[in-house]
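This report concerns only the one structure given below.
The values are calculated or read from the model by the stated rules, or taken from the named source; none is laboratory data. Quick caveat: nothing in here was measured; it's all calculated off a predicted structure. Neighbour counts run over all protein chains shown; Cβ positions are idealised from the backbone, glycine included. Just the protein is used for accessible areas: all its heavy atoms, side chains included, with ligands, DNA and RNA removed. Shrake-Rupley method; radii C 1.70, N 1.55, O 1.52, S 1.80 Å.
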Amino acid sequence: MVLNNICVYLGSNTGRTSVYVEQAQALGRELARRGIGLVYGGSNVGLMGALADATLQAGGRVIGVLPERLKSKEMAHPGLTELHIVATMHERKHMMADVADGFIALPGGAGTFEEIFETWTWAQLGFHAKPCGLLNIAGYYDKLADFLDHAAQERFMREEHRTMLMVESSPAALLDRYADYQAPTVSKWITEGK
């Protein structure tokens, strides 16, 4: 699979320990090293700013998409390759998804969860065939991954769809899996006995 741009969802805060910033920066450097552009929320704060800065400093391309209403709160990053100001969150998500060849969630809060879950749901429904994953920094997503395994065991999702949301603790390992990704072709709906 050709990866021109990866959309990354992540926190506008930096988290409790420096490992979150360090690994966001490591992802930015890895994207730049591979010639993959970063698509993200356009902010200059928290993990968002750390990721964008590291990508740019390593010579990478960064496309930011920021709703007008958040421009002053999240502080638009002034040095991006491209910054798109849009009217709504829906426009933001739509634009980010359109230009991305895959999606990664780093640690974050409700917005990060909502974004990766929506994108993963679109993949399950066959609206796109792009890889989705969690960069599991310092075990941040361990309990979520366990819960998703439980949801599959309880047959509220197919195992093929559970594993569509890849989980890795290293940026390089996750991007390597993305390069070989092929979306499953089974239906989302589980019928009795199947």
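What number of residues within the stretch 1-42 are surrounded by fewer than 24 Cβ atoms within 10 Å (Cβ to Cβ) and part of a strand (DSSP E or B)?
Matching residues across the stretch 1-42 total 2.
Being modelled with pLDDT of 95 or more, open to solvent by less than 30 Å² (accessible area, probe 1.4 Å) and either in contact with a Pro (Cβ under 8 Å, 6 or more places away or on another chain) or under 22 Å from I137 (Cα atoms) (or both): is that true of G64 here?
no
Among the helices (runs of 4 or more DSSP H) lying completely within the stretch 97-194, list those that include at least 3 residues that are touching a residue at least 40 places away in the same chain (Cβ under 8 Å).
110-124, 171-179
Of the conditions (1) under 20 Å from Y20 (Cα atoms); (2) within 17 Å of the chain's Cα centre (by Cα), K143 fails just one. Which one is it?
(2)
Please tell me if A152 is under 26 Å from R16 (Cβ atoms), over 15 Å from the mean Cα position of the chain (by Cα) and surrounded by fewer than 21 Cβ atoms within 10 Å (Cβ to Cβ).
no
Could we say that F127 is surrounded by fewer than 15 Cβ atoms within 10 Å (Cβ to Cβ), out of contact with any helix residue (DSSP H, G or I) (no Cβ under 7 Å at 6 or more places or on another chain) and within 20 Å of N4 (Cα to Cα) here?
Against the criterion (surrounded by fewer than 15 Cβ atoms within 10 Å (Cβ to Cβ), out of contact with any helix residue (DSSP H, G or I) (no Cβ under 7 Å at 6 or more places or on another chain) and within 20 Å of N4 (Cα to Cα)), F127 qualifies.
For residues that are open to solvent by less than 50 Å² (accessible area, probe 1.4 Å) and of a type in the set (S, T, Y), tally how many sit in the stretch 130-149.
Final tally of qualifying residues: 1.
Give the stretch 43-61 a look and list any residue that's of a type in the set (V, I, T) and open to solvent by 20 Å² or more (accessible area, probe 1.4 Å), or say none.
Matches in the stretch 43-61: V45 only.
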